[in-house]
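A.B. asks: I'd like to ask you about the structure that follows.
The values are calculated or read from the model by the stated rules, or taken from the named source; none is laboratory data. All figures in this text were calculated on a predicted structure; none of them were measured in a lab. Reconstructed Cβ throughout: ideal geometry from the backbone, glycine too, with neighbour counts over all protein chains shown. What goes into the accessible areas is simple: the full protein's heavy atoms, side chains included, and nothing from ligands, DNA or RNA. Shrake-Rupley method; radii C 1.70, N 1.55, O 1.52, S 1.80 Å.
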Amino acid sequence: MTLLALAALLGTVLPLLIAVVQQEKWPARVRAAVTLALVAVAAAGLVLSKGLWHGWNQASIDAYGTAFAGLILATWGTYSHLWSQLGLTQWIEKVTTFTKANKDLVGAILGDIGALSPLDRAAITAALVPSTQISSLPPVTASAGSATSASPLATVTGVAPTPPATESG
């Protein structure tokens with residue numbers, strides 16, 4: 001596969017990888033600089049992986065320029081005409097932007113759910129479990145020191161969970 005074809009192929013998925021790094025709160029100039037830096041690194045990686053870098057000579061610089069141009073065009077094209085239209089890059093940025101809620105969600109996913117309060121666990125459960133399954137979850141009661149005794153799931157979803165039916169003997 002040629003260098004330009006590889007650049008085009010990588011450029012189709014590069015916006016998704018860039019969205020992981022981008023933060024929603026960054027100004028437009030910083031976001032543009034981060035995008036260009038990541039494209040430059042990806043271009044260098046392509047040139048090195050193809051074995052086309054042989055020092056600072058004209059052939060190596062031409063190979064890098066070809067990879068960079070192919071990546072920037074494919075990245076811009078697929079971002080503006082595919083990933084952005086689908087809302088996928090915006091969703092990835094929202095999920096990977098560092099906020100307290102995302103930190104709690106990542107902690108829960110990585111197994112630190114025991115350190116969260118019952119209300120936080122319920123909110124994370126509501127975010128991770130499809131709404132059709134929430135009604136089958138057992139009710140969660142607030143801790144003794146809490147101001148409310150309502151189910152945190154009801155607070156998060158607006159619907160109180162129903163306990164599973166018990167068989168009478």
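A.B. asks: Please compute the modelled spin-label separation between Leu73 and Lys94, points set 7 Å along Cα→Cβ, answer in nm with one decimal.
C.D. replies: 3.4 nm
A.B. asks: Taking Cα pairs under 8 Å and at least six residues apart, what relative contact order does the stretch 12-94 come out at, in percent?
C.D. replies: 49 percent
A.B. asks: For the stretch 1-102, treating each Cα as an identical point scatterer without solvent, what Debye log10 I(q)/I(0) comes out at q = 0.17 1/Å?
C.D. replies: These q points yield log10 I(q)/I(0) values of -0.76.
A.B. asks: Sticking with this structure for a sec: Can you send over the solvent-accessible area of Trp91, 1.4 Å probe, protein chains only, in Å² to the nearest 10?
C.D. replies: That residue has around 150 Å² of solvent-accessible surface.
A.B. asks: Taking just the C-alpha trace of the stretch 36-79, give me its Rg and Dmax in Å.
C.D. replies: My reading of the Cα-based Rg and Dmax gives 10.4, 33 Å.
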